[in-house]
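Report on one structure; see the data block that follows.
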Amino acid sequence: MHREVLIGQLDRLRIEVPGEALDPMLWLLDELLRWNRRINLTAITDPLDALEKHLVDSLSLVPLLEGTERLLDIGSGGGFPSLPVKLALRGLKVVSVDAVGKKVSFQRHVVRSLGLSGFEPLHARVEGLAGQAGRAAGFDLVVSRAFASLGDFARLARPFLASGGRIVAMKGSEGERELGEDLFRLEALGLRCSSLERFRLPASGAERTLVVMEESISRP
């Protein structure tokens with residue numbers, strides 16, 4: 001049943017993922033809810049609600065990707081959006097960062113269980129990460145899902161952005177309002193909004209906004 005529900009919701013949003021990725025995604029969801037009974041990882045406990053608000057919501061990022069990018073997920077929690085997106089696009093090179101150890105432990109369990117290569121879960125605060133070798137200016141895409149205000153996220157993400165890269169804030173209905181409030185902060189960081197993608201989740205109708213940011217001046 002859940003496989004058909006997932007396929008139907010992705011179809012409604014016109015999101016294409018390989019058929020072989022569906023079962024690992026559903027396993028990921030089952031493991032999240034199983035672990036959640038012992039360790040608090042998510043406030044969403046209903047399986048169909050979690051399917052929409054963790055899997056489908058995360059996969060809304062897929063149409064923005066080619067599939068070979070270097071992706072940094074800041075404040076990833078239990079690995080969302082980065083784990084579902086990695087399962088859909090195996091060629092991605094992902095670093096997933098969260099400050100809560102139990103959430104990173106869950107991500108490591110998933111990586112081991114599914115044999116995922118090119119996915120690095122890090123237990124760290126992102127503020128200290130830019131000083132590590134190869135991290136600064138090392139990512140084509142820096143993403144967060146409901147992690148911080150738009151301006152704060154942009155400030156944290158900016159040091160990691162490679163030339164020509166993008167920052168994507170995955171927001172709810174507040175995304176456009178936050179963009180208007182933080183335009184001057186983005187300009188001060190040398191960033192501009194290159195696109196604003198609005199949609200509703202298929203079952204709940206919850207509003208979502210993807211705020212895509214790029215450098216306002218290209219590097220030489």
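Could you list, ordered by first residue, the pairs with Cβ atoms under 9 Å in which the first is in region 127-151 and under 19 Å from GLU187 (Cα atoms) and touching a residue at least 12 places away in the same chain (Cβ under 8 Å) and the second is open to solvent by 40 Å² or more (accessible area, probe 1.4 Å) and in a loop (DSSP other than H, G, I, E, B), at least 6 apart or interchain?
If the second residue must be open to solvent by 40 Å² or more (accessible area, probe 1.4 Å) and in a loop (DSSP other than H, G, I, E, B), the pairs left are LEU150/GLU174; GLY151/LEU189.
Condition check: β-branched (Val, Ile, Thr), farther than 25 Å from SER204 by Cβ and in contact with a Leu (Cβ under 9 Å, 6 or more places away or on another chain). Does VAL111 satisfy that?
yes
How about region 19-43: which of its residues are more than 22 Å from LYS102 (Cβ to Cβ) and open to solvent by 50 Å² or more (accessible area, probe 1.4 Å)?
GLU20, ASP23
Just give me the residues in region 84-121 being more than 22 Å from GLU52 (Cα to Cα), open to solvent by 30 Å² or more (accessible area, probe 1.4 Å) and among the aliphatic types (A, V, I, L, M), in sequence order.
Result: ALA99, VAL100.
Results for (1) closer than 20 Å to ARG70 by Cα; (2) modelled with pLDDT under 95; (3) of a type in the set (Val, Ile, Thr), shown as yes or no for each residue.
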residue	(1), (2), (3)
SER163	yes, yes, no
ILE167	yes, no, yes
LYS171	no, no, no
GLY175	no, yes, no
LEU196	no, no, no
LEU201	no, no, no
THR209	no, no, yes
VAL212	yes, no, yes
SER218	yes, yes, no
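Determine whether GLY131 is more than 24 Å from ARG208 (Cα to Cα) and in a loop (DSSP other than H, G, I, E, B).
Here the answer is yes, as GLY131 does meet what is asked.
Here is a list: SER163, SER195, SER149. Which entry is more than 23 Å from HIS54 (Cβ to Cβ), open to solvent by less than 50 Å² (accessible area, probe 1.4 Å) and not aliphatic (A, V, I, L, M)?
It is SER195.
Please determine, by comparing only the residues of region 41-77 that are of a type in the set (S, T, N, Q) and in contact (Cβ under 8 Å) with a residue 24 or more places away in the chain, which one is farthest from THR209 (Cα to Cα).
THR68
Within region 68-82, identify whether any single residue is hydrophobic (A, V, I, L, M, F, W, C), buried (at least 21 other Cβ atoms within 10 Å of the Cβ), touching a Leu at 6+ places or on another chain (Cβ under 8 Å) and at pLDDT below 95, and answer yes or no.
Within region 68-82, none of the residues are hydrophobic (A, V, I, L, M, F, W, C), buried (at least 21 other Cβ atoms within 10 Å of the Cβ), touching a Leu at 6+ places or on another chain (Cβ under 8 Å) and at pLDDT below 95.
The values are calculated or read from the model by the stated rules, or taken from the named source; none is laboratory data. Note that the structure is a prediction, hence the values are computed from the model and not measured. We place every Cβ from the backbone using ideal geometry, glycine too, and count neighbours over all the protein chains shown. In case anyone asks, the SASA skips ligands and DNA or RNA and just uses the protein heavy atoms, side chains included. Shrake-Rupley method; radii C 1.70, N 1.55, O 1.52, S 1.80 Å.
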